[in-house]
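Chemist: First the structure, then my questions, so here it is.
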Number of protein chains: 2
Amino acid sequence: MNDSTRRLIGVLGGMGPMATIDFMAKVVALTPATCDQAHMPLIVHQVPQIPDRTAAIMGGGDAPLAPMLAGLRRLARAGVELAVIPCNTAHHWHAQLSQLQELPLLHIAEAVRQELILSGAHDKKVALMATRGTHLAGVYSGRLGAAFEPLMTGDEAVQNLVDASIAAVKGGDLAQGTRAALEAADRLFAAGAEVLILGCTELPVALANTAIQDRCIDSTLALARLCVKESMRDDTNVRAA
Amino acid sequence: MNDSTRRLIGVLGGMGPMATIDFMAKVVALTPATCDQAHMPLIVHQVPQIPDRTAAIMGGGDAPLAPMLAGLRRLARAGVELAVIPCNTAHHWHAQLSQLQELPLLHIAEAVRQELILSGAHDKKVALMATRGTHLAGVYSGRLGAAFEPLMTGDEAVQNLVDASIAAVKGGDLAQGTRAALEAADRLFAAGAEVLILGCTELPVALANTAIQDRCIDSTLALARLCVKESMRDDTNVRAA
């Protein structure tokens, strides 16, 4: 069911499940379409059983690698031409995943880099909100360009709030996820941050419909925009959002 | 990435894209889980290019059949064990799709029948809001049981409002979708309906967060509940919602 103007995109999702659904909704919103048939074909593998990425990175292990590889191969068998993973921490294994299977795999931090430039944030103080795994693995380090690095990160109290927010969203307690993320964001703004990278895909879910959204770079939205752009063979027709 | 207690579910989606996302969110909400790993594995084929189902039924054609069949076969190749289609009108081809490929395919009207019984609606006047295709094809006729049939349907003015609501959701104009669906519902209530079957998966999107939800049977939620139930090999652990 792929058409001639679109590449079939594969989404390795479920990390976590609501973040993947948020990603899909952003793809739909970014696609110029007034009827079903103009929307993007996708194959989404919602595979929440992939072991915790941060726990693996903190422990120096690679438990998520093999199941992520299996998921990408499953998507390839189903016929996708390009893949994305709406989970920042998983990008610790981006290079290995790209080497060990054939599908081209977009990089979420590259998507965020493009979004930072698009938003004109190059003279602002940028902070990264992310899992401990993403910080430790350096998923963003060296990728954003000199204007944005080194990124500001929060202290242990901020990180505890970020961890709590992410866990709450994954566990279905959205109200608690929002409270904790807003408090972490307030502390980062108070410490001098002007722009926050929501560098874990649970954070845009936690902060949906809050007033700070316009001071945030949403990594999920950034990846959705890059995905819509890369899906179109002619690259000309991405709706602004 | 299937585990021993869950069957891998395939979702033939994109009819329309937002309805599929709504279905996935309902599956997540209905699954008892406090972390990613306890959530359901799914493979979702978002394939909006499938030709308009109502247009085919009204014209006496079968244009959607071959691409739906191709989509189900693609899901089978990816390893799913059971399939659902979160589009009511597509169920006109349910028997043929079940005959022409191997995957067991749940039926959305059977899910609604179970939901009607669960909600204790057997002594109430039930009306069906659906596409012209679903009405003409009789997707619900003969499936719900004597207590609920014949279903009340609206007049031409109501159907025009339902059509407008569905088209607006598919086209991204949610506010217009909500207005038209609420007006159609009001007219059905005024004509004596006590319970409305939202028998097109765009309608629960249009009516999300409205006050009439508790007088509606949401076919998307019903299918999600049946799907979570059928995915669990032991059948005991579906969260009430």
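The values are calculated or read from the model by the stated rules, or taken from the named source; none is laboratory data. For clarity, every value in this text was computed on a predicted model and none was experimentally measured. Every residue, glycine among them, receives a Cβ derived from its backbone with ideal geometry; neighbour counts consider all protein chains shown. The accessibility values were calculated without ligands, DNA or RNA, using every heavy atom of the protein model including side chains. Shrake-Rupley method; radii C 1.70, N 1.55, O 1.52, S 1.80 Å.
Chemist: Scan (1) over 30 Å from A:ILE166 (Cα atoms); (2) facing chain A (nearest Cβ under 8 Å); (3) not aliphatic (A, V, I, L, M) for the single condition B:GLN46 breaks and write down its number.
Modeler: (1)
Chemist: Is it true that A:GLU183 is acidic (Asp, Glu) and either open to solvent by less than 60 Å² (accessible area, probe 1.4 Å) or out of contact with any strand residue (DSSP E or B) (no Cβ under 8 Å at 6 or more places or on another chain) (or both)?
Modeler: Yes, satisfied.
Chemist: Determine which single condition A:VAL205 fails, assuming it passes every other condition in (1) open to solvent by less than 30 Å² (accessible area, probe 1.4 Å); (2) more than 26 Å from A:ALA25 (Cβ to Cβ); (3) not small (Gly, Ala, Ser).
Modeler: (2) is the only condition that A:VAL205 fails.
Chemist: Let me ask something else about it. Could you run through the range B:226-235 and say how many residues are open to solvent by 40 Å² or more (accessible area, probe 1.4 Å) and under 17 Å from the mean Cα position of the chain (by Cα)?
Modeler: 2
Chemist: Working only within the range A:110-146, note down all residues that are among the small types (Gly, Ala, Ser) and closer than 21 Å to A:LEU75 by Cβ.
Modeler: A:ALA111
Chemist: Next question. Among the candidates B:ASP62, B:ASP36, which residue alone is on the phi < 0 side of the Ramachandran plot and modelled with pLDDT of 95 or more?
Modeler: Step by step, each of B:ASP62, B:ASP36 is checked, and only B:ASP62 is on the phi < 0 side of the Ramachandran plot and modelled with pLDDT of 95 or more.
Chemist: Out of the range B:6-19, which residues are under 12 Å from the mean Cα position of the chain (by Cα) and more than 8 Å from chain A (Cβ to nearest Cβ)?
Modeler: Correct list: B:VAL11, B:LEU12, B:GLY13, B:ALA19.
Chemist: Within the range B:130-138, can one find any residue that is over 19 Å from A:CYS35 (Cβ atoms) and not small (Gly, Ala, Ser)?
Modeler: Yes; the residues of the range B:130-138 include at least one that is over 19 Å from A:CYS35 (Cβ atoms) and not small (Gly, Ala, Ser).
Chemist: Give just the number: which of (1) at pLDDT 90 or above; (2) within 8 Å of another protein chain (Cβ to nearest Cβ) does B:PHE23 not satisfy?
Modeler: (2)
Chemist: Follow-up question, since we're still on this one. Name every residue in the range B:8-27 that is of a type in the set (A, V, I, L, M), touching a Leu at 6+ places or on another chain (Cβ under 9 Å) and open to solvent by 10 Å² or more (accessible area, probe 1.4 Å), in order of residue number.
Modeler: Within the range B:8-27, B:MET18 is the sole residue that qualifies.
Chemist: Something else: Take the range B:9-31 and flag every residue that is in a helix (DSSP H, G or I) and either out of contact with any Ser or Thr (no Cβ under 7 Å at 6 or more places or on another chain) or free of Cβ contacts under 8 Å to residues at least 60 places away in the same chain (or both).
Modeler: B:PRO17, B:MET18, B:THR20, B:ILE21, B:MET24, B:ALA25, B:VAL27, B:VAL28, B:ALA29, B:LEU30
Chemist: Report whether or not B:LEU30 is crowded, with 19+ Cβ neighbours inside 10 Å and touching an Asp or Glu at 6+ places or on another chain (Cβ under 8 Å).
Modeler: no
Chemist: Could you check A:CYS216 against (1) open to solvent by less than 10 Å² (accessible area, probe 1.4 Å); (2) within 25 Å of A:LEU30 (Cβ to Cβ) and say which number it fails?
Modeler: The one condition A:CYS216 does not meet is (1).
Chemist: Let me ask something additional. Taking only pairs six or more apart or across chains, which ones have beta-carbon atoms under 9 Å, a first residue in the range A:61-80 that is farther than 21 Å from B:ARG74 by Cβ, and a second residue that is charged (D, E, K, R) and open to solvent by 50 Å² or more (accessible area, probe 1.4 Å)?
Modeler: If the second residue must be charged (D, E, K, R) and open to solvent by 50 Å² or more (accessible area, probe 1.4 Å), the pairs left are A:ALA63/A:ASP52; A:PRO64/A:ASP52.
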